[in-house]
1. Could you give the angle, 0 to 90 degrees to the nearest 10, between helix 16-31's Cα long axis and the longest principal axis of the Cα atoms of the chain?
2. How far, in nm, would the chain grow between residue 2 and residue 58 when pulled straight, counting 0.36 nm per residue and subtracting the alpha carbon separation?
3. When a footprinting reagent is the concern and you count Cβ atoms within 10 Å, what order do 181, 110, 135, 209 take, fewest first?
4. Take 185, 38 and order them by how many other Cβ atoms sit within 10 Å, fewest up front.
5. Compute the helix-to-body angle for 221-238: its Cα long axis versus the longest principal axis of the chain, expressed 0 to 90° and rounded to tens.
6. What angle do you read, to the nearest 10 degrees and between 0 and 90, between the alpha-carbon axis of helix 40-55 and the longest principal axis of the chain?
7. Quick one: grab the alpha carbon gyration tensor of the range 23-115, order the square roots of its eigenvalues as a ≥ b ≥ c, and give me rounded if a/c is under 1.5, else prolate or oblate depending on whether a/b is larger than b/c.
8. What does the convex hull of the alpha-carbon atoms of the chain project to on average, in nm²?
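Bear in mind these aren't lab numbers, they're just calculated from the coordinates by the rules spelled out. This structure is a prediction, so every number in the text was calculated from the model and none was measured. Every residue, glycine as well, gets a Cβ built from its backbone with ideal geometry; the counts of neighbours run over all protein chains shown.
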Ligand code: SF4
Ligand code: SF4
Ligand code: SF4
């Protein structure tokens, strides 16, 4: 479909990681109305209709991800299988019916249990505001005997997390985000990967009382499934009226929640 320039400009205000999806939805909606060209006014009509549709959630959950392995050089993991496994669990656990029962009425978008994936620590998909968040990371160890002191790792690290001293590279674990850029560039295999998987965070949300998700643990894909099942069990047990996981965590306290979480 052809977009007018001002409609295209308006579309650019939408975050890039959802822009393609919004474009497709708008085109689908407007072409169903027989339009072939999109003006700004058409775009506003579509926005209103789609927002109304979005606010009425059909499912009680949402699983979303970044572009990741499909198209991004930064991706550390491929989450396709894990995303499917998580969706299956949400279906099997009847989360939609559970939430409908809890909220005693039609579900809204803000009732959904949201699972967010990012395949590297850049977290483009804003996972920090999802109930269950995962981002891809790598952990590594240093073999100073193999280091040729080329300095490439210190140059590539955007976090200043790695420095060279007389004995080789020293990594500041508080600064390192596990992006793996230094591993990729090291010509001597002096940096050796010891873990590739996810960091899991819980309880992010927006709304009246926004909360960024809290770090829980590192996990391989298999471990992530077990953690997810345990979190979902506890979420259901502690849920009173369909509130978000972050609200539950705030109510019971993070330390207590962690104590109750068995996986
Ligand atoms: S989160 Fe990382 S892997 Fe995913 S799109 Fe962003 S940069 Fe790429
Ligand atoms: S993994 Fe990334 S953040 Fe950590 S030291 Fe290497 S380049 Fe720096
Ligand atoms: S990139 Fe590898 S060889 Fe070069 S300084 Fe860093 S650890 Fe040593």
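1. Once rounded, one gets 20 degrees.
2. Details: separation 56, 0.36 × 56 = 20.16 nm, distance 3.07 nm.
Stretched out fully, the residue 2 to residue 58 stretch lengthens by 17.1 nm.
3. Working: 181 20, 110 14, 135 26, 209 10.
Ascending Cβ contact count within 10 Å gives the list 209, 110, 181, 135.
4. Values: 185 14, 38 22.
Fewest-to-most Cβ neighbours within 10 Å comes out as 185, 38.
5. The two axes meet at around 50 degrees.
6. Compared with the principal axis, the helix lies near 80 degrees.
7. Working: a/c = 2.96, a/b = 1.21, b/c = 2.45.
Oblate.
8. Details: hull surface 68.9 nm².
Mean projected area for the chain: 17.2 nm², to one decimal.
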